[in-house]
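Below you'll find the structure I mean.
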Amino acid sequence: MLVVMDRREQMRAADSDRAAVAEQLLRALNEGRLDLAEYEDRLQRVYAAKTYGDLNSSGLLDDLPGTVPVGQAQVVPIGEGGAPGLVPGPDGRYPGATRNWLAETWNGYFGVVTIVVTIWAITSLVSAELLYFWPIWVGGPWGAVLLLGTVRGLATGEPQRWAARRAAKRQAKIEKRNRWRAEQAEEGEPA
């Protein structure tokens, strides 16, 4: 096993390997874990790296959370987009998709109903009498339509399709960003 690890350290790194490390450094810069001077120094060392051993060298990623294998990490990194339920499980289904789909479906409803009920309560308080509960005309029909859509969506498996669409959009966005960074790196500008 040590012989295999030692050989890997001497193997030539690809551009995609250097780009992956550069992306981790950029994430650390954006999170405020590195200042600009540290980022530039490390980025130069990344693009000068010829082997996996150079990329794994001390000081590039050692002091940054989320850059060690997940099984050994003490801090659990949040993936890009941070949305749980967008990574398929071993069975191909998206765990947490139903919860996330329900939250997205009903989120606007609860916000608006809270606002109109608050307006009704304030106007009732200011007038010193209990006014007609008009928010029922906002929340009632809208809630009924959402409830029917929710029942239909749950019956037809919409949460899994929704999660698959979101994951595909997220992946396309990541690929587009990686292509842009690769173009920037080819032009000699740090991404």
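For the condition over 30 Å from residue 48 (Cβ atoms) and open to solvent by 50 Å² or more (accessible area, probe 1.4 Å), what is the one hit in 154, 146? Lay out the reasoning, then the answer.
Numbers: 146 fails: open to solvent by 50 Å² or more (accessible area, probe 1.4 Å).
None of the other options fit; the residue is 154.
Mind checking which pairs have a first residue in region 42-60 that is among the acidic types (Asp, Glu) and a second that is open to solvent by less than 30 Å² (accessible area, probe 1.4 Å) and not in a helix (DSSP H, G or I), Cβ under 9 Å, 6 or more apart or different chains?
Hits for this filter: 54/13; 54/60.
Let me ask something else. Sort out which residues of region 37-54 are in a helix (DSSP H, G or I) and either surrounded by fewer than 14 Cβ atoms within 10 Å (Cβ to Cβ) or acidic (Asp, Glu) (or both), and write them in order of number.
37, 38, 40, 41, 44, 48, 54
Also: What are the residue pairs meeting all of these: first residue in region 8-26, first residue touching a residue at least 12 places away in the same chain (Cβ under 8 Å), second residue basic (Lys, Arg) and part of a helix (DSSP H, G or I), Cβ atoms under 9 Å, and 6 or more apart or on different chains?
Between residues of region 8-26 that are touching a residue at least 12 places away in the same chain (Cβ under 8 Å) and residues that are basic (Lys, Arg) and part of a helix (DSSP H, G or I), the close pairs are 19/181; 21/42; 22/42; 22/181; 23/177; 23/181; 25/42; 26/181.
Residues 69, 88: which one is out of contact with any Lys or Arg (no Cβ under 9 Å at 6 or more places or on another chain), modelled with pLDDT under 80, surrounded by 15 or more Cβ atoms within 10 Å (Cβ to Cβ) and more than 23 Å from residue 181 (Cα to Cα)?
Numbers: 69 fails: surrounded by 15 or more Cβ atoms within 10 Å (Cβ to Cβ).
None of the other options fit; the residue is 88.
Please specify each residue of region 157-172 satisfying the condition of being touching a residue at least 24 places away in the same chain (Cβ under 8 Å) and open to solvent by 60 Å² or more (accessible area, probe 1.4 Å).
Going through region 157-172, the residues touching a residue at least 24 places away in the same chain (Cβ under 8 Å) turn out to be 158-160, 162-164, 166-167, 170.
Matches in region 157-172: 166, 170.
Next question, about the same structure. When you go through (1) more than 28 Å from the chain's Cα centre (by Cα); (2) assigned to a helix (DSSP H, G or I) one by one for residue 130, which number turns out not to apply?
(2)
The values are calculated or read from the model by the stated rules, or taken from the named source; none is laboratory data. This is a predicted model, so every value here is computed, not measured. Every residue, glycine as well, gets a Cβ built from its backbone with ideal geometry; the counts of neighbours run over all protein chains shown. Areas reflect the complete protein model, heavy atoms only, side chains present, ligands, DNA and RNA absent. Shrake-Rupley method; radii C 1.70, N 1.55, O 1.52, S 1.80 Å.
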